[in-house]
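One structure is given here, and the rest of the page talks about it.
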Amino acid sequence: MYDDLERTLIRELDDVASNLVVPEMPALPAMSGPSRWRTAAPFLAAAAVVVVVLATVLTVLTGGSPDRRDPAPAPSPTAPTASTDATDEGSLSRAMPLDPVDVGLDLYVGGEQVPGRWWLAQGRGTHWIAQRQDGSWWWGYDVQPQALEGDMEQPPVISPNGGYLARVLSEGGFAMLTGNDTEEAGEGFGGVDLPGYELSPLPRAIAVTDEGLVVAGGPSGQVLWRPLDDHRTIDLAETAPGQVVIGSTDAGLIVTEGNPEDLPDGTQGSPYLAEISADGVLTRVADVPTHDVLEASKEWLAYVPPGTVGGEASGASELQVQRLDGSAPGVLSPPDGWLFVAPGFRWESGDRLIAKVVTRDGGDEGLVRCRPDPAECGFVYLP
């Protein structure tokens, strides 16, 4: 079939060419519009005939009129990703992270800037909490801030997956533990009174799990609250004696051995990662080093050794890293002339770390993405 079409095409083109009358090349005309078009007209007519013949043959080959063919689909938009290098061992993505991050008092959620001036951002994806520059706390499920009403003397906490937040309200001579989910409706947990309001520091929300279990307390002890179940509180001194929860990570709660009144800063004892059941039982996941600040993914740890930061010191010249099982210890270094901000780093994936950095004179903040193996950090954001 295609051989017959090819012969037909050759025959038609030969007929067209044999019937064309091409005038001799005229002298160059003056540079005026009309004379130029008259000179070119025979050539344009011949070209038009050839185009018509080619279009006719193309119609036969494609089985229909080109005008009636479906247009080629437009390319699908590519959504930005927190890290495009998950399988690329040769480079680090320079894309802005999609997880909430504040840098230089600017807050970014899902890669978009949130109006206002912010710090202490936490969360996952587009679900976040952060403190505005005026000291008020806010939350959101997108880039629209939602105020956290009520008096708080301690910061709120958010679950590792960003689905729930919890906080302690200090009003009317009582400490009330409350919280909500971070979906659009922001469904509330209700509240439960905590003992120890007269002590210092006041009770606070310490951690909320991805399942909505809340750990809270202070020097007088810690409780597990089950707001999504029966609102019951469980005394952890009974279910986990001698164990104190000091924070949470993607890999589990950070727990240390000791008593709440002896661990105001959570740096003493023998820390480890643990899962907690609805009955308040802790199950050890992995041992971790003593630290000032620690963040864990399901694959790696990053931490600042004890005595590095505290008081007015919040800059670290390096971060220690190791696999969750304790193997492959290493060191991450910031770019020359910069320090890591601690706290101010978190794992955005199993082996990619986002960290705030500050110039050694404290003048500017930036943002870097790091990987532990091979150890490397590269700028994502510069002021």
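The values are calculated or read from the model by the stated rules, or taken from the named source; none is laboratory data. Fair warning: this is a prediction, and the values are worked out from it, not measured in the lab. Here the Cβ positions follow ideal geometry from the backbone for every residue, glycine too, while neighbour counts run over all protein chains shown. Accessible surface areas use protein heavy atoms only, side chains included; no ligands, DNA or RNA. Shrake-Rupley method; radii C 1.70, N 1.55, O 1.52, S 1.80 Å.
Just the accessible area per residue of region 186-324, please: how many Å² with a 1.4 Å probe?
Details: 6120 Å² over 139 residues.
It amounts to 44 Å² per residue over region 186-324.
Distant-in-sequence amide contacts of Ala251, defined by a placed amide H-H separation under 5 Å and a gap of 5 or more residues or a different chain, comprise Ala296.
A simple rule links phi to the HN-Hα coupling: the Karplus curve 6.51 cos²θ - 1.76 cosθ + 1.60 with θ = phi - 60°, which for region 276-292 gives 10, 8, 5, 9, x, 8, 9, 10, 5, 9, 6, 6, 10, x, 4, 6, 8 Hz, with x for Gly and Pro. Quick one: go through region 352-373 and flag any residue whose amide nitrogen is under 18 Å from the point 7 Å out along the Cα-to-Cβ line of Leu382. Flagged as within label range: 355-370. The distance linking region 165-202 with region 325-379 is 33 Å (Cα centroid to Cα centroid, whole angstrom).
Using only Cα coordinates, the Kirkwood hydrodynamic radius of region 270-378 works out to 14.5 Å. Rg and Dmax over the alpha-carbon atoms of region 192-344 stand at 16.3, 53 Å. Full extension of the chain segment joining Val281 with Asn161 gains 41.1 nm, where the gain is 0.36 nm per residue of separation less the Cα-Cα distance.
Quick one: pull the percent of accessible area on region 104-190 belonging to carbon and sulfur, 1.4 Å probe, ligands and nucleic acids left out. All intermediate terms of the calculation are to be shown ahead of the outcome.
Working: 1800 of 3800 Å².
Looking at region 104-190 in its full context, I get 47 percent from C and S.
For the peptides 320-333, 346-359, the ranking by mean Cβ contacts within 10 Å, running from highest to lowest, is 346-359, 320-333. Label separation (Asp134 vs Arg360): 3.9 nm, computed from points 7 Å beyond Cα along the C-beta direction. In this label model, Glu312 and Glu238 are separated by 4.8 nm, measuring between points 7 Å along each Cα→Cβ vector.
One chain, two ends: Asp230 and Ser327. Fully extended at 0.36 nm per residue, the span grows by 30.8 nm beyond their Cα-Cα distance.
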